[in-house]
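The values are calculated or read from the model by the stated rules, or taken from the named source; none is laboratory data. Worth saying up front: this structure is predicted, and the values here are computed from it rather than measured. As a convention, Cβ positions derive from the backbone with ideal geometry for all residues, glycine included, and neighbour counts pool all protein chains shown. All accessible areas refer to the heavy atoms of the entire protein, side chains included, with ligands and DNA or RNA removed. Shrake-Rupley method; radii C 1.70, N 1.55, O 1.52, S 1.80 Å.
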Amino acid sequence: MINRKSRDEIKRMKHAGHIVALVHKAMKENIKAGMSTKDLDDIAMEVIHANKAVPTFLGYNGFPASICTSINENVVHGIPSKDVILKEGDIISVDVGATYGGMVGDSAWTYPVGKIAPEIENLLKFTEESLFAGISQMRAGNVLDDISSAVESVANREHLGIVRQYGGHGVGDKTLIKSGMVIAIEPMLNLGCDEVIQLPDEWTVQTADKKPSAHFEHTVLATDGEPELMTIIREEFL
């Protein structure tokens, strides 16, 4: 069941989402070859704490870091490490959660490390497109299947694999979307097959064929009009 949020809850969620967006801004500015994923986790932790929030993921079911960092064929839930070093041509998906005033903001983005191959550029381009296709359907009166079908239509058009265990796809869910509902929409699309496996660390999810995967996510509010992104930088909170 998806509960409709009160005006106060929505305000606090927007503040949490603003902090998440600040982390992503820092990620975009700092990601480069030679950095470790632990370096990125340290930066994220600093931004979250500086804005009087707490990292949502840290300690969740024992997760040991403040963000998830998933490189190339790793889809989601990658654990930051000082031993994992970014190199030219990689892509890295960074999933960020911040809790402010008891409410959570959650967003993920996949970043290129330097110059990447054209087919991987397209993977990022079309996964982001699928996210915004899904967001366009986050409207009062629609159903959840409208969102997941929009995501899937882009993936199918571009012949990309869909991570069905973790991301959005058409499943015939007729839950009615109402104004005040908030959903994290997060397509994860693969350059190869749909199938994924979990690594022995019991967190990292990897494509079964070891081809690259991209992950894009926004937290989105349904209103009586246009969908509203919750995980963006807002002047009122700066």
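Taking (1) more than 30 Å from Asn3 (Cα to Cα); (2) exposed (fewer than 15 other Cβ atoms within 10 Å of the Cβ); (3) in contact (Cβ under 8 Å) with a residue 60 or more places away in the chain in turn, Lys115 satisfies each apart from (3). A residue that is in contact with a strand residue (DSSP E or B) (Cβ under 6 Å, 6 or more places away or on another chain), open to solvent by 20 Å² or more (accessible area, probe 1.4 Å), assigned to a loop (DSSP other than H, G, I, E, B) and under 16 Å from Thr207 (Cβ atoms) occurs somewhere in segment 77-89.
Take the residues in segment 127-155 that are in contact with a strand residue (DSSP E or B) (Cβ under 7 Å, 6 or more places away or on another chain) and in a helix (DSSP H, G or I), then tell me which one is nearest to His15 (Cα to Cα). Before the answer, list the steps.
Keep residues of segment 127-155 that are in contact with a strand residue (DSSP E or B) (Cβ under 7 Å, 6 or more places away or on another chain), which gives 127, 130-131, 134-135, 138, 143, 147, 152, 155.
Next cut, in a helix (DSSP H, G or I) only: 127, 130-131, 134-135, 147, 152, 155.
Details: Thr127: 26, Ser130: 25, Leu131: 22, Gly134: 23, Ile135: 20, Ile147: 25, Glu152: 30, Ala155: 32 Å.
Only one residue fits best here, namely Ile135.
Against the test of being charged (D, E, K, R) and more than 19 Å from Met27 (Cα to Cα), the options Glu129, Glu121 yield a single qualifying residue, Glu129. Farther than 19 Å from Glu217 by Cα and in contact with a Phe, Trp or Tyr (Cβ under 6 Å, 6 or more places away or on another chain) - does that describe any residue in segment 45-67? Yes, the conditions are met somewhere in segment 45-67.
Tell me, yes or no, whether segment 37-58 has at least one residue that is of a type in the set (Phe, Trp, Tyr), open to solvent by 20 Å² or more (accessible area, probe 1.4 Å) and either more than 18 Å from the chain's Cα centre (by Cα) or at pLDDT 95 or above (or both). Taking every residue of segment 37-58 in turn, at least one turns out to be of a type in the set (Phe, Trp, Tyr), open to solvent by 20 Å² or more (accessible area, probe 1.4 Å) and either more than 18 Å from the chain's Cα centre (by Cα) or at pLDDT 95 or above (or both).
Suppose we filter Gly114, Gly134 for residues that are at pLDDT 95 or above and on the phi > 0 side of the Ramachandran plot; which single one remains? If you could, list the steps in order and put the result at the bottom.
On the way: Gly134 fails: on the phi > 0 side of the Ramachandran plot.
Every option except Gly114 fails the conditions.
Screening Gly17, Gly105, Gly97 for residues that are in a helix (DSSP H, G or I) and open to solvent by less than 10 Å² (accessible area, probe 1.4 Å) leaves exactly one candidate, Gly17.
In the set Glu186, Glu217, Glu236, only one residue is free of Cβ contacts under 8 Å to residues at least 24 places away in the same chain and either of a type outside the set (A, V, I, L, M, F, W, C) or surrounded by 18 or more Cβ atoms within 10 Å (Cβ to Cβ) (or both); that residue is Glu236. For Asp201, the conditions (1) at pLDDT 95 or above; (2) over 24 Å from Gly97 (Cα atoms) are fulfilled apart from (2).
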